[in-house]
Amino acid sequence: MAENQVDVAKPKNKHSRLGLFLPIGLFLIAALLWSGYWFYTAHQIETRLAEQAKTLTSKGYQVAHAPFRVQGYPFRMFLQLKDVRLIAPNGKGLAVPALEAEASAFALDKWMFVATKGLTLYRGQGADQSDLGQVAVTGDALRVSVSGWTQPLQTIGLEGLNATFTPSKPEHPFVLQSAQRLEGRVTPTKDGVDTVDFIWRASGAQAHPQSLLGRLGQGQNFDMAFQGRMAQASKFRGDLNGWREAGGAVRQVQASLHVGELEVFGRSEALLLDPNLALSGPLGLEVKGTGDPFAFLLGAGLISAEYEPLARAFVGTKMTADKPVKLDFVFREGGVYVGPLRVAAAPVIR
């Protein structure tokens, strides 16, 4: 009799749960490491700001702000600063009632700052040692971006929309009253030398009637731009004499002004400051429009009223829309020269 063969099923191997728990475990480890990094970095930011405040205070600065904590976990570094105040020993500085600062936790080299409730500029003292007071600045957007914190020179961008400027002392007017748009940018040059390229633009702007731009604009809105390359940029910290003595200069200068039918373009290979902080260097101007160019030249202070009769022989008397007036000025020895003729005092920068 044939033996009955019974197949006994082999027990199946149980599936390992490692494949289920390993990703979860790795995720938890990564989250723990990232959390440690974030909180450590947040603490470092708070510590360094406190140390920087102490350093500035020891140098005579006024530094103040309300207590704060870094927020934004897990992917941002966000600071909400209140009652910020930073005043240099020369009396110049700013106060910001509410300042927001933000950076990606993945890229701490770039920060964006927003003054959500405007700011106040402290202007320091004038040439006669009088207090120039403050300027209240408000607008729809007042933003500054800074990148390259670990580099000797940073890239800085500035933007203001529908900005207004209100001086606390009307007897010391501020150059601008309002601007539909303000833009500025400072970028270190790629050669690694202590040099930056800069550009500043104002669109739809109104200037104070007593200021240089106000005299040029004659109550009309204007657009202007100013750009160039600054040497010895790291020395330019508000101490103009120190910057000048270190070889500071502004090169490859280009400027433009559009107001009404008037268009003005300026160029200079290099502008420097003399020991009295008066401008020194050549300036080429091209004035387009109609009428007498002296209305602009007198308003700009490039020709003084007392020198007008003599200067007309060098400049001419009329300009037309299709024939611009081209002028070459030289700032030297505290004066403005057209050829050999001194026509005004050179502007003094303070």
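Hey, among the residues in the stretch 81-99 that are in a strand (DSSP E or B) and small (Gly, Ala, Ser), which one's farthest from Val175 (Cα to Cα)? Filtering the stretch 81-99 for residues that are in a strand (DSSP E or B) and small (Gly, Ala, Ser), the one farthest from Val175 (Cα to Cα) comes out as Ala98.
Restricting attention to the stretch 100-121, the residues that are in a loop (DSSP other than H, G, I, E, B) and either small (Gly, Ala, Ser) or within 16 Å of the chain's Cα centre (by Cα) (or both) total 1. Do we find a residue being surrounded by fewer than 17 Cβ atoms within 10 Å (Cβ to Cβ) and outside any loop (DSSP other than H, G, I, E, B) anywhere in the stretch 167-175? No; the residues of the stretch 167-175 include none that is surrounded by fewer than 17 Cβ atoms within 10 Å (Cβ to Cβ) and outside any loop (DSSP other than H, G, I, E, B).
Candidates are the residues of the stretch 210-234 that are at pLDDT 85 or above, more than 29 Å from Glu245 (Cα to Cα) and touching a helix residue (DSSP H, G or I) at 6+ places or on another chain (Cβ under 8 Å); the one that is surrounded by the fewest Cβ atoms within 10 Å (Cβ to Cβ) is Met224.
Looking at the structure I just gave you, is Lys82 of a type in the set (Lys, Arg) and modelled with pLDDT of 95 or more?
Judged against the criteria, Lys82 is a match.
Of everything in the stretch 267-297, what is of a type in the set (A, V, I, L, M) and buried (at least 19 other Cβ atoms within 10 Å of the Cβ)? Give them in sequence order. Steps first, answer last, please.
Looking only at the stretch 267-297, we keep the residues that are of a type in the set (A, V, I, L, M), and these are 270-273, 277-279, 283, 285, 287, 295, 297.
Leu273, Ala278, Leu279, Leu283, Leu285, Val287, Leu297 - these are the residues of the stretch 267-297 that are of a type in the set (A, V, I, L, M) and buried (at least 19 other Cβ atoms within 10 Å of the Cβ).
If you take the residues in the stretch 103-113 that are touching a residue at least 12 places away in the same chain (Cβ under 8 Å) and surrounded by fewer than 17 Cβ atoms within 10 Å (Cβ to Cβ), which one is nearest to Ala88 (Cα to Cα)? Full working, then the answer.
Just the residues of the stretch 103-113 that are touching a residue at least 12 places away in the same chain (Cβ under 8 Å), to begin with: 103-106, 108-113.
Those still in the list that are surrounded by fewer than 17 Cβ atoms within 10 Å (Cβ to Cβ) too: 104, 106, 108-110, 112.
Numbers: Ser104: 30, Phe106: 33, Leu108: 27, Asp109: 25, Lys110: 25, Met112: 23 Å.
Residue satisfying both the conditions and the ranking: Met112.
Here the condition is being in contact (Cβ under 8 Å) with a residue 12 or more places away in the chain and more than 21 Å from the chain's Cα centre (by Cα); of Arg85, Arg76, it holds for Arg76 alone. For the stretch 122-144, the candidate set comprises residues that are in contact (Cβ under 8 Å) with a residue 40 or more places away in the chain and part of a strand (DSSP E or B); within that set, the residue that is nearest to Glu100 (Cα to Cα) is Arg123.
The values are calculated or read from the model by the stated rules, or taken from the named source; none is laboratory data. For clarity, every value in this text was computed on a predicted model and none was experimentally measured. Don't worry about glycine lacking a Cβ; one is built from the backbone with ideal geometry, like all the others, and counts go over all protein chains shown.
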